[in-house]
Amino acid sequence: MRIALVMSLAWQDYRADARLSACTVLALVAVIAPLLVLFGLKFGLVGSLTERLERDPAVREVIPMGGGRFSAGFIDELARRPDVAFALPRTRQIAATADLSLPTSDQTVNVEMIPTAVGDPLLGDTLPATELDRVLLSQTAAEKLGAKPGDWLDAAFTRQFSGRAQAQRTRLQVTAVLPLEAFGRDAIFASTELLEAVEDYRDGRAVDAFGWPGDAPGANEQRVFPAFRLYARNLDDVEPLRLYFAEQHLLVSTRAQTIAQVKSLSRNLSLVFWVIATLAVVGAVAAVFASALAAVERKRRELSVLRLLGFSTGALLLFVVLQALYSGVLAVVISFVLYGLAERGLNLLFVQVPGEYASHLLIRHYCVALLAALGASALAAALGGWRVARIEASEGIRDV
Amino acid sequence: MLSLREVRKTRGEGSQRYSLVIPRLDLAAGRQLALVGPSGCGKSTLLDLLALVLSPEAAQRFDFVVDEGHVDVAGLWRDARQNRLAQLRSRQIGYVLQTGGLLGYLDVRSNIGLPRKLLGMSDDGTVERLAAQLEVAEQLGKKPQALSVGQRQRVSCARALAHNPQLLLADEPTAALDPLNALRVMQLLLGRVRAQGACCVIATHDESLAREAGLHSLRIACVQDKDGGVTATLEDER
């Protein structure tokens with residue numbers, strides 16, 4: 001079989017039949033282009049919403065409600081769970097505050113103290129403070145103090161002891177300032193050791209690291225934490241974690257509801273897309289099938305001349321299938337152009353945040369669309385064109 | 001090259017029945033035959049049988065002798081080996097159809113060159129040479145619709161000869177032409193056939209033209225049978 005010859009003949013016949021060919025192409029474009037826009041919208045919208053959720057670690061946070069009594073071992077075990085990205089014990093919130101000031105200014109700011117360690121999702125790319133006298137400053141606190149990375153701060157920790165107000169001071173160096181998106185209130189992110197030291201001081205115990213006097217800690221006294229900071233590894237891990245804590249009779253607060261909403265939006269949009277896509281594709285396949293059937297009837301004489309000249313059955317079938325493929329390729333190209341225009345328009349209309357899309361497709365989506373369109377066209381044309389096998393050369397040649 | 005014994009073909013039933021019987025026909029290189037007889041007597045049916053596009057319903061012998069040996073054409077039809085028949089047609093046979101049978105979407109050059117392309121033969125100037133000899137050289141770039149009936153007939157002749165077939169079949173190639181042009185086209189065609197050393201069978205209702213062109217005439221005789229059907233029998237040459 002001379003494939004190149006059949007390709008060239010099919011193309012020349014296709015061109016000579018330009019008006020009918022254009023109709024076939026338009027019929028396919030009418031199916032493919034809206035499907036691309038619909039899928040692009042679904043993919044872009046859901047993708048952007050999901051990404052927004054994934055970018056915000058607060059969505060993955062699981063917060064224990066009410067006071068608990070957790071050992072360091074229990075929290076360590078939580079941190080080792082595969083569905084947990086980060087878990088760290090918190091000291092009592094009332095004991096975790098500090099009064100900060102720059103040595104050069106009188107401005108004092110009262111901040112929360114939040115424990116941090118390597119892997120803290122709130123920190124992003126910023127390295128955590130691992131030493132006792134190093135801290136990260138939230139942006140609002142940094143602005144109020146006028147502090148920047150590298151500055152040394154004076155920190156005062158106050159307590160009411162035996163009815164008298166007392167305070168201890170130390171110096172802390174700012175290693176970084178966290179952006180506003182990471183944390184919105186006045187705070188320092190410090191090592192657990194610093195928080196434990198401050199809690200000890202407020203409880204009247206001695207703190208050796210700073211040389212603060214007080215009661216000697218008991219030999220086998222295990223520290224009890226009232227809370228912890230915990231982040232699920234993925235969005236999908238939040239709901240199972242909530243169930244896990246519920247089983248432990250531990251009340252937690254999560255954003256599982258928000259995540260479920262996006263997931264159900266994605267699921268429902270997918271369902272709508274596939275229902276429409278199935279109907280449209282069935283219609284398109286029927287149209288290609290009918291047009292191949294009609295083409296074989298219409299071109300009976302020309303096809304029987306080719307048969308007379310000695311073209312094989314396969315070559316004639318290829319002739320019909322190739323013409324459907326030409327329509328398919330043209331329709332896909334036109335649809336891509338139309339989708340491109342629609343994508344620009346939609347993104348212009350609906351996108352507020354740079355990097356997010358209302359409508360978006362990946363290269364592999366284009367490839368799948370192309371292959372699916374060509375595959376369906378070829379299959380439908382082969383089914384419709386199968387009648388060429390039954391064309392007898394003698395029946396059509398009389399009146400050519 | 002073709003050897004037929006007791007080959008039959010029947011179409012229709014009852015009073016609509018038409019049967020063609022070929023008791024004996026041997027075609028050899030260099031033979032130039034004319035099939036003559038009234039229209040409707042089955043000249044085209046016989047040509048289609050010879051062109052391997054119509055299946056015989058019974059045959060004592062229907063052999064095609066090619067370089068590789070005998071090919072049992074009746075057997076190929078029986079086994080529905082369409083692609084083998086197509087291959088034989090493309091290599092051995094050139095067929096000039098009554099109405100030209102040109103492909104409207106190809107220009108004259110591509111129409112004439114198509115049988116060569118199908119066989120993968122190189123472009124050695126044959127197309128231009130044939131077009132010049134059949135006086136359609138000026139029309140090479142045109143589509144068939146732009147040609148006169150006579151020009152189309154000559155293009156069709158050129159196409160049938162382009163791949164040097166052993167057997168050239170022509171169905172009323174000059175029917176649409178005035179007598180003067182008819183003789184000229186016939187002579188151009190036969191000149192090429194002679195030069196290529198091929199055998200040709202030309203169906204025509206014009207016996208005088210066939211005689212004038214120097215063709216050996218074979219008659220088809222029609223007989224009305226008792227059931228109302230018609231049986232046409234090819235004259236036995238012996």
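Read-outs: derived from the displayed coordinates by stated rules, not from any lab. Fair warning: this is a prediction, and the values are worked out from it, not measured in the lab. Using ideal geometry, Cβ is built from the backbone for each residue, glycine included, and neighbour counts are taken over all protein chains shown.
Odds and ends about this structure:
- Dipole magnitude of the range A:61-254 about its Cα centre (Cβ charges: Lys, Arg +1; Asp, Glu -1), debye to nearest 20: 400
- For the pair the range B:167-235 and the range A:20-49, the centres of their Cα atoms are 60 angstrom apart.
- Hz values of 3J(HN,Hα) by residue in the range A:153-162 - Karplus curve (6.51, -1.76, 1.60), Gly and Pro given as x: 10, 8, 10, 10, 10, 9, 8, 9, 10, 6
- Cα gyration tensor category, rounded, prolate or oblate, for the range A:1-83 with a/c compared to 1.5: prolate
- Relative packing of A:126-133, A:23-30, which averages over residues the other C-beta atoms within 10 Å, highest first: A:23-30, A:126-133
- The range B:17-73: C-alpha gyration tensor shape, a/c 1.5 cut-off, then a/b vs b/c: oblate
- DSSP beta bridges in the range A:61-254 [antiparallel fraction, %, rounded to 5]: 75
- Three-way shape call for the range A:61-254 based on the alpha-carbon gyration tensor, with the a/c threshold at 1.5: oblate
- Selection from A:TYR244, A:ASN268, A:VAL288 lying farthest towards where the dipole of chain A points positive, charges on Cβ: A:VAL288
- Counting DSSP beta bridges with both ends in the range B:2-234, the antiparallel % (nearest 5): 55
- Span-rule helices in chain B, defined as complete DSSP H runs reaching 24 Å or more along the axis (Cα) with Kyte mean at least 0.0: B:179-196
- The local environment of B:THR174, defined by Cβ-Cβ distances under 11 Å, has a net charge of -2 under the rule Lys, Arg +1 and Asp, Glu -1.
- Residue pairs, from the table B:LYS9/B:LYS43; B:LYS43/B:LYS143; B:LYS43/B:LYS226, whose Cα atoms sit over 20 Å apart: B:LYS43/B:LYS143; B:LYS43/B:LYS226
- Local net charge near B:ASP107, Cβ-Cβ under 9 Å (Lys/Arg +1, Asp/Glu -1): +3
- Farthest toward the positive end of the dipole of the range A:61-254, out of A:GLN93, A:GLN139, A:PRO149, is the Cα of A:GLN93, where the dipole comes from beta carbon charges about the Cα centre.
- Looking at the protein assembly as shown alone, DSSP beta bridges between its own residues are antiparallel in about 65 percent of cases.
- At least 24 Å along the helix axis (C-alpha) and Kyte average at least 0.0, DSSP helices within chain A: A:18-55, A:256-298, A:313-350, A:363-385
- Proximal aspartates and glutamates relative to A:LYS42, as straight alpha-carbon distance under 16 Å, when same-chain residues fewer than 8 apart are discounted: A:GLU51, A:GLU343, A:GLU356
- Residues A:LYS42, A:LYS148, sorted so that the one with the fewest Cβ neighbours within 10 Å comes first: A:LYS148, A:LYS42
- By the count of neighbouring beta-carbon atoms within 10 Å, fewest first, B:CYS157, B:CYS222 end up ordered B:CYS222, B:CYS157.
- Interchain or long-range residues, amide H under 5 Å from B:GLN32's placed H: B:CYS200, B:HIS216
- Environment charge of A:GLU297, counting only residues whose C-beta is closer than 14 Å and scoring Lys/Arg +1, Asp/Glu -1: +3
- Furthest towards positive pole of dipole, B:ALA51, A:VAL177, A:GLY340, structure part the protein assembly as shown, Cβ charges: B:ALA51
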